[in-house]
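The values are calculated or read from the model by the stated rules, or taken from the named source; none is laboratory data. In this text the structure is predicted, and so the values were computed from the model without any measurement. Using ideal geometry, Cβ is built from the backbone for each residue, glycine included, and neighbour counts are taken over all protein chains shown. Areas reflect the complete protein model, heavy atoms only, side chains present, ligands, DNA and RNA absent. Shrake-Rupley method; radii C 1.70, N 1.55, O 1.52, S 1.80 Å.
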Amino acid sequence: TLDIENLHVASGARLAVVGETGSGKSNLVAVMAGIVEFEGDVRVGARGVAPVFQETFLFGTSLRENLLLGVTRNPTEIRAALDIAGASEFVDQLADGIETIVGERGVGLSGGQRQRLALARALLAGRDVLVLDDTTSALDPETEGLVMSNLLSQRGGSTMIVLASRPSPVAMIDDVVFLAAGRVVDRGSHDELLSRCSRYAELMESYESDRRAG
């Protein structure tokens, strides 16, 4: 359950949300996306939310159709979204490029490729808020850093909320919210939370230990 009061994210801002398993991160995404009801006032902008989940779904059709899902975008806009998501190179290497037919659920593509396509799709949707729910978890650290850098360097784009379970993307964002039991325990920069919140520091260390073990 969520018991969050006055969690405000300015338009165009970048926010990282961190918490242990069961802290309420998934519920927060569901509330913002309108998937579950919430007893309170949730305002996310007139154009709504584009959530991108760790496990993404692709239809058994062309990459172009999977990216657009009925919206109209020109080739320049499609290319820009693929570039930001770090997907242009592997799409260009496919036999039919963006017209390549993918198997149901993206069979034939790696987890990282599917995640990058889902991210590009969310960018093309043109929503006010972009929510990344462990979206870069299947990417290697170098690619993850590139994609996050691309996203964070955009100007005038969507408000971006990143739910992450790896320290590297969190450290790239200036504003971090730490959740526990559905409440905001602390908020500040990554370095500030490391220095003053032992529970946050322990969680970051456990994330890093899991990464090294993997």
| note | Pairing a residue in region 76-98 that is in contact (Cβ under 8 Å) with a residue 40 or more places away in the chain with any residue that is assigned to a loop (DSSP other than H, G, I, E, B) and open to solvent by less than 30 Å² (accessible area, probe 1.4 Å), where Cβ atoms lie under 8 Å and the two sit 6 or more apart in sequence or on different chains, gives G86/L139
| task | List every residue pair whose Cβ atoms sit under 7 Å apart, with the two residues 6 or more apart in sequence or on different chains, where the first one lies in region 102-124 and is within 18 Å of G70 (Cα to Cα) and the second, anywhere, is in a helix (DSSP H, G or I) and open to solvent by 40 Å² or more (accessible area, probe 1.4 Å). | result | L124/E77
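Could you pull out the residue among E202, E208, E142 that is acidic (D, E), exposed (fewer than 15 other Cβ atoms within 10 Å of the Cβ) and closer than 22 Å to G24 by Cβ? Please lay out each step first, then the result.
On the way: E208 fails: closer than 22 Å to G24 by Cβ; E142 fails: closer than 22 Å to G24 by Cβ.
The match here is E202.
For residues that are part of a helix (DSSP H, G or I) and β-branched (V, I, T), scanning just region 53-81, find the one that is surrounded by the most Cβ atoms within 10 Å (Cβ to Cβ). I'd like the intermediate steps shown before the answer.
Pass one, region 53-81, residues part of a helix (DSSP H, G or I): 63-68, 75-81.
Remaining after also requiring β-branched (V, I, T): 76, 78.
On the way: T76: 8, I78: 20.
Per the criteria, the residue is I78.
Select, from A50, A10, A33, A16, the only residue that is open to solvent by less than 70 Å² (accessible area, probe 1.4 Å), touching a residue at least 24 places away in the same chain (Cβ under 8 Å), touching a Pro at 6+ places or on another chain (Cβ under 6 Å) and aliphatic (A, V, I, L, M).
Values: A50 fails: touching a Pro at 6+ places or on another chain (Cβ under 6 Å); A10 fails: touching a Pro at 6+ places or on another chain (Cβ under 6 Å); A16 fails: touching a Pro at 6+ places or on another chain (Cβ under 6 Å).
When all the criteria are applied, what remains is A33.
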| Residue ID - nearest to A33 (Cα to Cα), chosen from residues in region 83-110 that are in contact with a Lys or Arg (Cβ under 8 Å, 6 or more places away or on another chain) and of a type in the set (A, V, I, L, M) | A85
